[in-house]
Amino acid sequence: MATIIVLTNQKGGVGKTTTSTALAAGLVSFYHKKVLAIDLDPQGNMGFSLGLDIEDGRTIHDVMTGRTSAREAIQETDYCDVITSNILLSSAELDFNFSDRELLLKKSLAPVAADYDFIIIDTPPALNILTVNAYAMANYLIIPMAPEILSLLAVTQIKETIDSVRESLNPHLDVLGILLTKYNPRTVLAREVKEMAENIAAQIGTCVFDTQIRSSVSVAEAPAHGLSIFDYAPRAKPSEDYMSFIKEIRIMMRTKTLQEVR
Ligand SMILES: Nc1ncnc2c1ncn2[C@@H]1O[C@H](COP(=O)(O)OP(=O)(O)OP(=O)(O)O)[C@@H](O)[C@H]1O
């Protein structure tokens, strides 16, 4: 069965899509894993970043409204399989107004989940029914966070959603860690935010990853070329950092699985 990793933070612009895309591409390119990337953000940036025309094809909205199957909505890219999103998903709160609506994503992806090693889910900058659907099927949450004070406040609010999903839908939901993005180690703010993030991580029962993703303009340029950061700018700092990040989380996931077996 696939390991399901969800990138989440209801604050916008903190690097959720960038990290989802790098993680999906990195697991395929360096570890030869079979990956399905799901875009749950109505902005539809993940499909675009992986080189797809998001106006074409069926979307996760079609899958979740039962108009098509997950298998029919999967599109292939040079990196991984993707189910794209578009603006129609922004009416999810109104469209999905029936009982069990929190498990819609899990049920619709069940027929394809066994075909993959990893399912990576990019979420919208909100805590809504889409986020809850992602949390309900996740093995691990990763919280990207930019070094800004408002970004820290957002992480505190995520805790309530995590607690309520653990109580009712997914008791095994595990927060793998907080990932500092757009990081400039030379600024005082970045160092202060790192310390605050460590306090918040302790409250959520998680950690701040040892790896931080440094800032570089190459991150903003890569999606326009439909290339992963590793192919667009292999020597740029974020390529190095995302590579270390993937190594770090693979070790963490392996350790956690071994602990569960014992
Ligand atoms: N390490 C980085 N260095 C420089 N720019 C970055 C970095 N990471 C992300 N960015 C830029 O920050 C912007 C927001 O990133 P991204 O779209 O990944 O965030 P997001 O959390 O998914 O946003 P949203 O919540 O709106 O979906 C983008 O323009 C992206 O190119």
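The values are calculated or read from the model by the stated rules, or taken from the named source; none is laboratory data. As the structure is a prediction and not an experimental result, all values here were calculated from the model. Here Cβ is always computed from backbone atoms with ideal geometry, including for glycine, and neighbour counts include all displayed protein chains. Side chains included, ligands, DNA and RNA excluded: accessible areas come from the protein's heavy atoms. Shrake-Rupley method; radii C 1.70, N 1.55, O 1.52, S 1.80 Å.
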> Residues of the chain: accessible area per residue at 1.4 Å, in Å²?
Replying inline: 45 Å²
> Long-range amide H contacts for Ile4: which residues qualify at under 5 Å (H placed 1.01 Å from N, peptide plane, sequence gap of 5 or more or a different chain)?
Replying inline: Ile119, Asn139, Tyr140
> Can you give the charge dipole size of the chain about its Cα centre, rounded to the nearest 20 debye, using +1 on the beta carbon of Lys and Arg and -1 on the beta carbon of Asp and Glu?
Replying inline: 700 debye
>> Taking loop as defined by DSSP and a crowding limit of 11 other beta carbons within 10 Å, which GluC sites (Glu not before Pro) in region 7-94 fit?
In response: Glu55
>> Give me the percent of accessible area attributable to carbon and sulfur for the chain, probe 1.4 angstrom.
In response: 51 percent
> Of all chymotrypsin sites (Phe, Trp or Tyr not before Pro) in region 53-119, which ones are in loop regions per DSSP and have a Cβ with at most 13 other Cβ atoms within 10 Å?
Replying inline: Phe98
> Mean separation of Cα pairs under 8 Å and 6+ residues apart, divided by the residue count of the chain: what relative contact order is that in percent?
Replying inline: 24 percent
>> Here is the link list: Lys34/Lys237; Lys11/Lys33; Lys107/Lys182; Lys106/Lys194; Lys11/Lys237. Which ones come out longer than 28 Å on Cα distance?
In response: Lys11/Lys33; Lys107/Lys182; Lys106/Lys194
> For region 22-83, what is the relative contact order in percent, using Cα pairs closer than 8 Å and at least 6 residues apart in sequence?
Replying inline: 39 percent
>> Stokes-Einstein diffusion coefficient for the chain at 10 °C in a medium of 1.306 mPa s, Rh from the Kirkwood formula over Cα pairs: what value in µm²/s?
In response: 87 µm²/s
> Which of the listed residues, Val82, Val6, Leu127, is farthest toward the dipole's positive end in region 3-261, when Lys, Arg count +1 and Asp, Glu count -1 at the beta-carbon?
Replying inline: Val6
>> Need the full-extension length gain, Leu189 to Asp78, defined as separation in residues times 0.36 nm minus the C-alpha distance. One decimal, nm.
In response: 36.2 nm
>> Two decimals, Cα atoms only, Kirkwood Rh: what is Rg/Rh over region 166-262?
In response: 1.05
> Within region 175-236, which trypsin sites (Lys or Arg not before Pro) sit in a loop by DSSP and count at most 14 neighbouring Cβ atoms inside 10 Å?
Replying inline: Arg186, Arg235
> Taking θ as phi - 60°, what are the ³J(HN,Hα) couplings along region 109-114 by the Karplus curve (6.51, -1.76, 1.60), each to the nearest whole Hz, with x for Gly and Pro?
Replying inline: 8, 3, x, 10, 4, 6
> How big is D for region 132-174, in µm² s⁻¹ as a whole number, if Stokes-Einstein is applied with the Kirkwood radius of its Cα pairs at 4 °C and 1.567 mPa s?
Replying inline: 118 µm²/s
> Could you give the nm distance between label points at Asp95 and Ser69, where each point is 7 Å from its Cα heading toward the beta carbon?
Replying inline: 2.0 nm
> For region 1-155, what Kirkwood radius comes out of the mean inverse Cα-Cα distance, in Å?
Replying inline: 15.3 Å
>> How many angstrom lie between the Cα centre of region 178-240 and the Cα centre of region 51-120?
In response: 28 Å
